[in-house]
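A short write-up of the structure that comes next.
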Amino acid sequence: MPHLHLRHLEAPAPRLAGEARDRGSFRVLLRLFAGRFLENDLLSGDGDAKVNAATAAAALAAPGAFTLAFLTLAYAGPFLTPSERLLMALAHKYQFIAASMLLTALAAALEWDALALDTRDLAILGPLPVAPSRLLGAKVASLALFVLALAAAVNLVPTLGFPMVWMSLVPIGLLHAAWLTTVHALVTLAAAAVGFLAVLAVRSLVLLASPVRFARLTASVAQFSLVLVLATLFLLSPMIPADVLDEVEHPTRATSTNPAMWLLGVYERLTARGLYADPRLTGPATWKFWEREQLRRQSNLGPEVWAHPLPLHRHEAEARARYRATMPALDQLAARGVVALPLLLGTSGLLCLLAHLAGWRRGQEGSRPGRGPTALFDRLAAAGGGRHPVARATFGFTVRALARGAPQRRSVAGALAVGSALALLLHSQSGAGATLPARPTASLLALEYVPAFFLLGGLRRAFAIPAALEANWVFRFALDGDHAAPAVCGARRAIVATAVLPFFGITGLAHGIAWGAFPMLVHLVVGCAVSLVLVEALLAGFASVPFTRPYVPADVRVRWPFQAAALVALASLCGLLEAWALAGPASLFAVVTAAATAAAGVRVAARQWGNDTGRLTFDAPPDSA
């Protein structure tokens, strides 16, 4: 018996030790995966996670704080009745929901490589004595923490402030105010989860659908496209709220398929009934302010009586009738949300699991480089790099670094998104309709040059972001002579091949479909010619191989409005030049000749005034591009 008791006491020890080791390994893996979301040497030279987290939280919280400050003035009027506040709040609730969804999706797209177990994880952690289920569980837990942190950063200020601003001067009581705050937090958290799950589903679907040899290239294109679309939508989101009430009153197919509208319906379903169907909150006896004004009016208290309660009651009745008419549509949207959101959760989880299993089976997450992309880049370097070996090497390295470097792609996509949003905003402010004119106009052509020039500026900005700073010794060792001119030539050709030709090729094709062959030819030729002038200006003083110098952030807090205005002014001038070139071949030849002369003049001036020594630099002087 004693031996039996000792055996029973000693048997659980290995099992308990194993469980302790499992818990310890889970915590280590969780810290590893969660810390990867904060790995950004561009925000902090030492990679300080606290600095990165504070910077990211401030950037995410700023839009909600500014919006809340403006809404404080909108709801400060003492004569806004309860139902009028409810109708006004529909647009603002939608804005907070859409912002939470878009910002979380944008942050997830920017953290594309950290959303799943990548090649490095499987190669290093896979052979370790860690159960695959525990490895996957730690990754899922880190993703959940990431979503919660994003949702808190984006929605904390609006959640605490919007219910108080929205229902200011309305006696709803502490219990109803707490319920409003809770519902706002839950709905915006659900919006953040929808945005994150959508990006996760797209990423998993891309990895599953693309061939193994093209998986890395396909993932890079998908990330670039997602960042571009989401950033553009977020920049255009301040233009959205004015149409929300009209969409609810006259629902369309786009309204019924919009996840933000579903969550708006859930928001109203959880709050409006309890607030505005309660006779204690909407009865005349509740409104002491109105009664006081009515008593003052009856007792003839002199000039203090300046408002009459009857118009307020009439406005309240009209607003309440209008809101009650929207209740069926809001209920239908809420029902769609209740069904669709769990379906989205299950679909994204299944796709993520299938992508993980496929990546685990291949030993890497569908990113094995094959001969297809490598041969393609080799052919591009041979065809576009020129005869000089330094120019060819710089061209090939620049193109490959852009295709593989996530920070560089984010810089380019962000600049293109800003330009696209600005062009759409200028188009909406101009009052031009959606129908195309019989021939391209100068104003319409100028709008096309705005995103093109922002794209070139973003690409030049990306040149200052190092691809692998520890590996620039290769260029220091190999390029020890006067190789600045051929290196800049290779960088110039890379800009033309990756930005100028694709952009004006796509827009030129659109011109050909809309207006014919000659406008397409004019747009392609003039667009490439005037872009070369801007490329020469952007590369003035640039004497290094792209992506090889240490990153030095330029202080653009004061200069960026002037830079953006200069790009818009240049786009307007180019629109006028292209419209003049459409007059005939002679005008086209004159415009191209003038652009070539200007580009040559900018290059000569940069060499003369830029103290060009002809030698490459790999240090970190302030980058003023």
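The values are calculated or read from the model by the stated rules, or taken from the named source; none is laboratory data. The structure displayed is predicted, hence computed values, not measured ones. Note that each Cβ is placed from the backbone with ideal geometry, even for glycine, and that neighbours are counted across all protein chains shown. Remember, those area values only see protein heavy atoms, side chains included, never the ligands or the DNA or RNA. Shrake-Rupley method; radii C 1.70, N 1.55, O 1.52, S 1.80 Å.
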- Message: Among the numbered criteria (1) hydroxyl-bearing (Ser, Thr, Tyr); (2) modelled with pLDDT under 90; (3) part of a helix (DSSP H, G or I), which one does THR597 miss?
- Response: (2)
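In segment 398-415, how many are among the charged types (D, E, K, R) and closer than 17 Å to VAL229 by Cβ? Break it down stepwise before answering.
First pass over segment 398-415, keeping only residues among the charged types (D, E, K, R): 400, 404, 409-410.
Those still in the list that are closer than 17 Å to VAL229 by Cβ too: 409-410.
Number of matching residues: 2.
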- Message: Residues to consider are ALA191, ALA178; find the one that is of a type outside the set (D, E, K, R), under 18 Å from the mean Cα position of the chain (by Cα) and either closer than 22 Å to MET88 by Cα or not in a helix (DSSP H, G or I) (or both).
- Response: ALA191
- Query: Got at least one residue in segment 106-127 being more than 23 Å from the chain's Cα centre (by Cα), over 25 Å from ALA219 (Cα atoms) and charged (D, E, K, R)?
  - Reply: no
- Got a sec? Which of ARG410, ARG387 is part of a helix (DSSP H, G or I), modelled with pLDDT of 60 or more and more than 30 Å from GLY265 (Cα to Cα)? ARG410
- Assess whether THR347 counts as being at negative phi, at pLDDT below 60, out of contact with any Phe, Trp or Tyr (no Cβ under 7 Å at 6 or more places or on another chain) and assigned to a helix (DSSP H, G or I). no
- Item | Residues of segment 576-609 satisfying the condition of being open to solvent by 40 Å² or more (accessible area, probe 1.4 Å) and farther than 15 Å from VAL530 by Cα | ALA583, PRO585, ALA586, VAL604, ARG607, GLN608, TRP609
- Just one of LEU205, LEU263, LEU200 is in a helix (DSSP H, G or I), open to solvent by 30 Å² or more (accessible area, probe 1.4 Å) and at pLDDT 80 or above; which is it? LEU205
- Message: Could you check segment 65-117 and list, in sequence order, the residues that are under 15 Å from GLY195 (Cβ atoms) and open to solvent by 10 Å² or more (accessible area, probe 1.4 Å)?
- Response: TYR94, GLN95, PHE96, ALA98, ALA99, MET101, LEU102, LEU103, LEU106, ALA107, LEU110, GLU111
- Entirely in segment 419-515, the helices (runs of 4 or more DSSP H) that have 1 or more residues that are free of Cβ contacts under 8 Å to residues at least 60 places away in the same chain and closer than 21 Å to LEU538 by Cβ: 442-462, 484-495, 501-515
- Could you list, in sequence order, all residues of segment 463-507 that are open to solvent by 30 Å² or more (accessible area, probe 1.4 Å), within 27 Å of the chain's Cα centre (by Cα) and aliphatic (A, V, I, L, M)? ALA467, ALA468, LEU469, VAL496, ALA497, LEU501, ILE506
